[in-house]
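Participant: Take this structure, written in structure tokens, and hold onto it; I'll ask about it next.
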Amino acid sequence: MALTLFGVVLNRTGWVWLIAGWAALAGVAIAQPADMQMWSVKAQDRPSDAGDAVQLFWSPIAPAAEFICYIVQRAPAAEGPFETIATVVSIDTQYVDAAALTGDVYFYRVAALDSVEAGAADQTTSPADSLSAASPARTVDTIYTAVAGPVNSTAQWFNLRRLNQFLVIIILSAAIIYFISQARSGKQLYVRKIAGLQAMEEAIGRATEMGRPILFLPGIHDMDDVQTIAGLTILARVARTVAEYETTLNVPVSRSLVMTTARETIKEAYAAAGRPDSYNDNMVHYVTDEQFGYVAAVDGIMMRQKPATCLYMGAFFAESLIVAETGAEIGAIQIAGTAQPAQLPFFVAACDYTLIGEELFAASAYLSGEPRQLGSLKGQDVGKVMAMCALGLGAALLTLHSLVPGWPILANMADWVGKVFQVR
Amino acid sequence: MRRQIPLLITGFVGAIYIVTFFIPATRFVETIATDWILIIQAFAIWLGALNLLKLSIMKLSSRKPGAGYAAIVIVCFLITAAAGLAPITRGEHFLSDHNYLAENSTFEWIYNSVYVPLNATMFALLAFFVASASYRAFRARNREATLLLGAACVMMLGRVPLGDAITGFLPEGWTLSAWADVIMNFPVLAGQRAIMIGIALGIVSTALRLVLGIERSHVGGD
Amino acid sequence: MFERLLALDRRWIFLFVAVALTIPFFLGLSCKSYVSPEVKALYAALEELRPNSKVIVSFDYDPASEPELNPMADAFMKYAFHHRLKLICIGLWPQGPLEVDRCFNRVLADPEIQKLNPVYGVDYVNLGFQSGNEFAIQGMGASIYNVFPNDMRGTATSQIPIMMDVRDFSNVDFVFNLSAGYPGTVEWVQVAVDRYGVTLGAGNTAVQAPLVYPYLGSGQLKGLLGGMKGGAEFEALSGHTGKATKFMVSQTFAHLVVILFIVMGNVAYFAAKRKGGRA
Amino acid sequence: MNVSDWLALQVAALLTLGIVSFLYKDNPIYKICESIFLGVSAGYWFTVLFWENMVPKLYENISQAGSRPYTEAGVPSLLYVVALILGIMMLLRLFPKLGWMSRWPLSVVVGATAGLWFITYMQSNALSQLRATLLPILDFQAMDAATGTGLSGWFNKYLGNLVILVGTSTGLCYFYFSKEHKGVFGGLARVGIYFLMVTFGASFGYTVMSRMSLLLGRIDFMISEWWPSLFSGWS
């Protein structure tokens, strides 16, 4: 099944980027700290960081006694005065000394304690630990490791472990920029039919036959939300169709900036449909900024005017429930579109058709034909093609590997695909 | 000029966060930028509060029908702010005592007795709206909606003890709550992952357009 | 007949819901709760922490999410005090510091906890709020002292005993995030886990829980408590039973009401459809 | 219970009932409670930001710039003056004619958010999720090592990987806009929409759970905290 998916999804736009992607992604070796013998500490500069940090690894003390606690000590010279910088109580025996300054030289050693007690170990200057003071006093023996050093923390110029992410991002960005420039140069980019838009055309036709108004809500967010912009793009197409059919359109909004933009959009649509005179400003009217006040007013409008078609395109939140319920009560056809994950279930259950998440933005790109939106949409599709191929390839390799564990090449090929998406 | 410089700033600051991710040595620049963002975001929240105050004052002076409510907004704002800023003079010198939550401070009293009930009850109303919407709006009108409502009912029953009581006849570990767990950890996880990857690619392309200055809407562009 | 039932005024439904949810408070029912894998995973991750481990608890919610997240916060804090974990409490929502303070008051009123006499500044601390959403977490990766210069009582963070060797995320053993939206678990995974390698557990409101399940699957999130049910399960596991367990009976009644309404609504819809009219 | 706590309970109960009155009709009492909420929350934010951000970060850093030239993270204290200027420019948005200056700090925030999200959403929401979905359809080696009992255990052992693989890839097919939903690809997209419907069903159930818990919290407050206080009075 995975192989057919792998084959079907390759189409003429995707495969060019695909080949370039895989060829560029050479394997990335990840450095592992060397192993350690007996009870000793190893200090090294933390790799791939901006300096100011020394990493310390030590092997756990022989009998992992109850409440074992390690005291990390640092000194400017091998025999110099050791000053405790941390009391570490953690199962993975390591510590990062983030107070080390770039360029200075340090020496480290670690002491193992049976249990932390107020004033137990002599040099310990770590704070009196009141909570464990409540625990019973225990005999204390302090075993120090050999001194590790000299070590100084330096800043690296390129974080090698993130090379794979760097390449993936370069490929995706190149694809997006390529398609935006293609769209700008006027090349026709193919976007599939969005089922929701067909449903909208029929719904507007139905309202015209019944001679009842159409209600459009652009969501309760302001113009800075990309969902509101997509909603107004769809409003432009609705206004064009409505202008031709001469049906009444009602757009109550909850932001003044959205009101002015919506009015301009509808005026342009009416002019484009050749009916500039039948446009009037109070098609779009401001209600209130407050969420529940807005929904109470919209409810009133719906009950009074009984619109045949209700369209909700934009950012909706908890008030979507009340609006969808009133729409069902007056028997209107309801079509919604939002990218809010929490509201999608209610729209899908209550409305006749719903544009789900990205479909709202795809519809806006499809309708506006605007180069930036179209180019990004195609660029994102390249990303999806790469993702689907990686899944198909990974699944195929890993299944074969688990079927035939003997073959080494299958193992490290699957491991290599995994490294491409390694995150660290 | 008013539009060019903000675009350059957006591109430059965006580039900082991308470059420092790959070149750790430059991370100090990112620390400074992050510090500035914390302060600018703080002023942005202040802007929200002061903007509400400005709107209320304008509504109050314009004698429109909602003027009374605007007066309440202003009075409550001043009372809360006064209670909160009381420690200014309390310390030995100006602004030395920061603790606006000292024992039985009026600020905490206002939070407990006014802010908590209002905020909590406003969202509690949604329970009523969900119930009435379930009764009147949620219909299994097509295959997708039927699948949705079916999964929702299994989830609602599976996540309360009643689910196991009803399906008690099934062996241990196979009752309704196990079904709910399996639905969450396999199909829902896969569906959410598909949505998450789709949204991530969308955000990456929008962010790229902003950083490269292709997108201008945030500076009032075309 | 069904049309009349459907045309019922919305306010009758509200009344029915209010009554249906108030009755269970007077019934002394209690019930055994089934513990799901995500909660067991979180509990296992906590059991691995040794005493005196440093744990950052981030209160990213407001009073509207208190009924779901307070029981988790109380149970987690009691668990932490009993296992001698050091609690560094912060809030990325403006209401954060108050929620931390209210949680301290509730937990420290419990005589069992008072027996352990936890000391402010050594065993638990409230560093308050910082604006900037995910940039606050980003800043903590560089220096916690810089993002939270002082705690709620005005003492400089670098002088507080519990914060002595906690300069950034490298020496933090566990982060527990109580989240109700943005900024929340998504941002903690994106910045703290994937960039600074933090071990993260989370407690979410039920609305947000499904959105973070993919992070559970990919191991970025060690465990998850979803909604009041997650809180009740964690209370059962940790033994500090509280309000979440008490509410499970009422929650059952509430779910029954909604399922009943959905079924009735659809029965009326299909009955009307068979008669040809549109319901 | 002292008198201030008792009074707090009465005020809280009054406001709770004021908001609930919206269920009956959108009435003046609800609007008053609404205005109180807006005023108190704005005052609250103003105070918290003042004490948690302005005083420690701006006032103390700038006023002590002489004695402490560098902050804990090594950031020169005088740089905070630049941050203060940017902050004040943000506040100028309140005055229409100076509003354009607020575009500078706004573009700093927009740029930073774009830069950070460009990395974090790619790293955590795309790459990590794909990395976690690279699974064999059926892992014969780890068959017996699968954990869990009952239905979960059975899924971990047999069907789990296949469901996640099919769900994620067909979900992506549904959100693929460069190919018509016809033929084999149409079938894949249809399977994808079914997975999405189960996902929406689960979040529908969880959202109902969440909303009901909120109402239970308020009913619990009214019954077990406010109601007894009416009779016990204050000491």
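The values are calculated or read from the model by the stated rules, or taken from the named source; none is laboratory data. The model shown is predicted, which means the values in this text are computed figures rather than measured ones. Note that we place each Cβ from the backbone using ideal geometry, even for glycine, and neighbour counts take in every protein chain shown.
Participant: For residues that are more than 7 Å from chain B (Cβ to nearest Cβ), part of a helix (DSSP H, G or I) and out of contact with any helix residue (DSSP H, G or I) (no Cβ under 6 Å at 6 or more places or on another chain), scanning just segment D:15-48, find the one that is farthest from A:Glu290 (Cα to Cα).
Facilitator: Among them, the one singled out is D:Val48.
Participant: Going by the conditions given, is A:Leu398 at the interface with another protein chain (Cβ under 7 Å from one of its Cβ atoms), at pLDDT below 90 and surrounded by 24 or more Cβ atoms within 10 Å (Cβ to Cβ)?
Facilitator: yes
Participant: When you check C:Ala180 against the structure, is it on the phi < 0 side of the Ramachandran plot, away from chain A (no Cβ under 14 Å) and buried (at least 22 other Cβ atoms within 10 Å of the Cβ), yes or no?
Facilitator: Here the answer is no, as C:Ala180 does not meet what is asked.
Participant: So A:Arg372 fits all but one of (1) among the basic types (Lys, Arg); (2) away from chain D (no Cβ under 11 Å); (3) surrounded by 24 or more Cβ atoms within 10 Å (Cβ to Cβ); what number is the exception?
Facilitator: (3)
Participant: On to the next question. Only one of (1) more than 9 Å from chain D (Cβ to nearest Cβ); (2) farther than 30 Å from A:Arg206 by Cα; (3) touching a Phe, Trp or Tyr at 6+ places or on another chain (Cβ under 7 Å); (4) among the small types (Gly, Ala, Ser) is not met by A:Gly406, so which one is it?
Facilitator: Failing condition for A:Gly406: (3).
Participant: Further question on the same structure: Being farther than 18 Å from C:Ala136 by Cβ, buried (at least 18 other Cβ atoms within 10 Å of the Cβ) and small (Gly, Ala, Ser) is the requirement here; does D:Ala132 meet it?
Facilitator: Spelling it out, D:Ala132 is indeed farther than 18 Å from C:Ala136 by Cβ, buried (at least 18 other Cβ atoms within 10 Å of the Cβ) and small (Gly, Ala, Ser).
Participant: Is it the case, given these coordinates, that B:Val114 is at the interface with chain D (Cβ under 8 Å from one of its Cβ atoms) and over 22 Å from D:Gly39 (Cα atoms)?
Facilitator: Here the answer is no, as B:Val114 does not meet what is asked.
Participant: Within the group A:Gly219, A:Gly186, which residue is farther than 30 Å from A:Gln422 by Cβ, within 25 Å of the chain's Cα centre (by Cα) and more than 14 Å from chain B (Cβ to nearest Cβ)?
Facilitator: Only one candidate passes the filter, namely A:Gly219.
Participant: crowded, with 22+ Cβ neighbours inside 10 Å and not in a helix (DSSP H, G or I): does that describe B:Phe129?
Facilitator: no
Participant: May I pose another question? In this structure, is D:Trp154 more than 31 Å from the chain's Cα centre (by Cα) and within 11 Å of chain B (Cβ to nearest Cβ)?
Facilitator: Judged against the criteria, D:Trp154 is a match.
Participant: A further question on this structure: Among the numbered criteria (1) of a type outside the set (Ser, Thr, Tyr); (2) farther than 22 Å from C:Arg195 by Cα; (3) in a helix (DSSP H, G or I), which one does B:Lys64 miss?
Facilitator: Unmet condition: (3).
Participant: Residues of segment D:49-81 being in contact with a helix residue (DSSP H, G or I) (Cβ under 7 Å, 6 or more places away or on another chain), at the interface with another protein chain (Cβ under 7 Å from one of its Cβ atoms), assigned to a helix (DSSP H, G or I) and of a type in the set (A, V, I, L, M), which ones?
Facilitator: If the condition is that a residue be in contact with a helix residue (DSSP H, G or I) (Cβ under 7 Å, 6 or more places away or on another chain), at the interface with another protein chain (Cβ under 7 Å from one of its Cβ atoms), assigned to a helix (DSSP H, G or I) and of a type in the set (A, V, I, L, M), then D:Leu49, D:Met54, D:Leu58, D:Leu79 are the ones that fit.
Participant: Next question, about the same structure. Please determine, by comparing only the residues of segment C:149-177 that are in a loop (DSSP other than H, G, I, E, B) and more than 12 Å from chain A (Cβ to nearest Cβ), which one is farthest from B:Phe28 (Cα to Cα).
Facilitator: Restricting to residues being in a loop (DSSP other than H, G, I, E, B) and more than 12 Å from chain A (Cβ to nearest Cβ), the top hit is C:Arg153.
Participant: Got at least one residue in segment B:78-93 being crowded, with 17+ Cβ neighbours inside 10 Å and modelled with pLDDT under 85?
Facilitator: Scanning segment B:78-93 turns up at least one residue that is crowded, with 17+ Cβ neighbours inside 10 Å and modelled with pLDDT under 85.
Participant: Please work out which residue is farthest from the chain's Cα centre (by Cα), limiting yourself to segment B:16-34 and to residues that are more than 7 Å from every other protein chain (Cβ to nearest Cβ) and touching a residue at least 12 places away in the same chain (Cβ under 8 Å).
Facilitator: Checked segment B:16-34; the qualifying residue farthest from the chain's Cα centre (by Cα) is B:Val29.
Participant: Among the numbered conditions (1) within 13 Å of chain D (Cβ to nearest Cβ); (2) part of a helix (DSSP H, G or I); (3) touching a residue at least 24 places away in the same chain (Cβ under 8 Å); (4) not hydroxyl-bearing (Ser, Thr, Tyr), tell me where C:Pro210 comes up short.
Facilitator: (3)
Participant: Here's something else I'd like to know. For A:Pro345, are the conditions met, namely being assigned to a loop (DSSP other than H, G, I, E, B) and at the interface with chain D (Cβ under 8 Å from one of its Cβ atoms)?
Facilitator: So A:Pro345 fails the test.
Participant: Go through segment C:35-51 residue by residue and tally those that are surrounded by fewer than 23 Cβ atoms within 10 Å (Cβ to Cβ) and within 7 Å of another protein chain (Cβ to nearest Cβ).
Facilitator: 4
Participant: Tally up the residues in segment D:2-19 that are touching a residue at least 60 places away in the same chain (Cβ under 8 Å) and either surrounded by 19 or more Cβ atoms within 10 Å (Cβ to Cβ) or touching a Pro at 6+ places or on another chain (Cβ under 8 Å) (or both), please.
Facilitator: 4
Participant: Collect the residues in segment B:152-174 that are more than 8 Å from chain D (Cβ to nearest Cβ) and part of a loop (DSSP other than H, G, I, E, B), keeping them in residue-number order.
Facilitator: Across segment B:152-174, the qualifying residues are B:Val160, B:Thr167, B:Gly168, B:Phe169, B:Leu170.
Participant: Can you pull out the residues in segment D:167-198 that are more than 13 Å from chain B (Cβ to nearest Cβ) and in a helix (DSSP H, G or I)?
Facilitator: D:Gly183, D:Val184, D:Phe185, D:Gly186, D:Gly187
Participant: In a helix (DSSP H, G or I), more than 11 Å from chain D (Cβ to nearest Cβ) and at pLDDT below 90: which single residue out of A:Leu367, A:Leu360 fits that description?
Facilitator: Answer to the selection: A:Leu367.
Participant: Let me ask another. Restricting the search to segment B:166-212, which residues are touching a Lys or Arg at 6+ places or on another chain (Cβ under 8 Å) and within 30 Å of A:Phe179 (Cα to Cα)?
Facilitator: B:Ile197, B:Gly198, B:Leu201, B:Arg209
Participant: Counting only residues that are among the hydroxyl-bearing types (Ser, Thr, Tyr), buried (at least 19 other Cβ atoms within 10 Å of the Cβ) and in contact with a Phe, Trp or Tyr (Cβ under 9 Å, 6 or more places away or on another chain), how many does segment A:241-261 have?
Facilitator: 1
One line per residue, one yes/no per condition, for (1) farther than 26 Å from C:Pro183 by Cα; (2) touching a residue at least 60 places away in the same chain (Cβ under 8 Å); (3) more than 10 Å from chain D (Cβ to nearest Cβ):
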residue: C:Ala109; (1), (2), (3): yes, no, yes
residue: C:Leu116; (1), (2), (3): yes, no, yes
residue: C:Val119; (1), (2), (3): yes, no, yes
residue: C:Tyr124; (1), (2), (3): no, no, yes
residue: C:Phe135; (1), (2), (3): no, no, no
residue: C:Gly141; (1), (2), (3): no, no, yes
residue: C:Ile144; (1), (2), (3): no, no, no
residue: C:Val147; (1), (2), (3): no, no, no
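Participant: Working only within segment A:125-167, note down all residues that are assigned to a loop (DSSP other than H, G, I, E, B), at pLDDT 55 or above and away from chain C (no Cβ under 14 Å).
Facilitator: A:Asp141, A:Thr142, A:Thr145, A:Ala146, A:Val147, A:Asn152, A:Thr154, A:Gln156, A:Trp157, A:Phe158, listed by residue number.
Participant: Continuing with the same structure: Within the set of pairs 6 or more residues apart or between chains, which connect a residue that is farther than 18 Å from A:Leu355 by Cβ inside segment D:172-186 to a residue that is assigned to a helix (DSSP H, G or I) with Cβ atoms less than 8 Å apart?
Facilitator: Cβ pairs passing all conditions: D:Lys179/A:Val9; D:Lys179/D:Phe185; D:Val184/A:Thr4; D:Val184/A:Val8; D:Phe185/A:Val8; D:Phe185/A:Val9; D:Phe185/D:Cys173.
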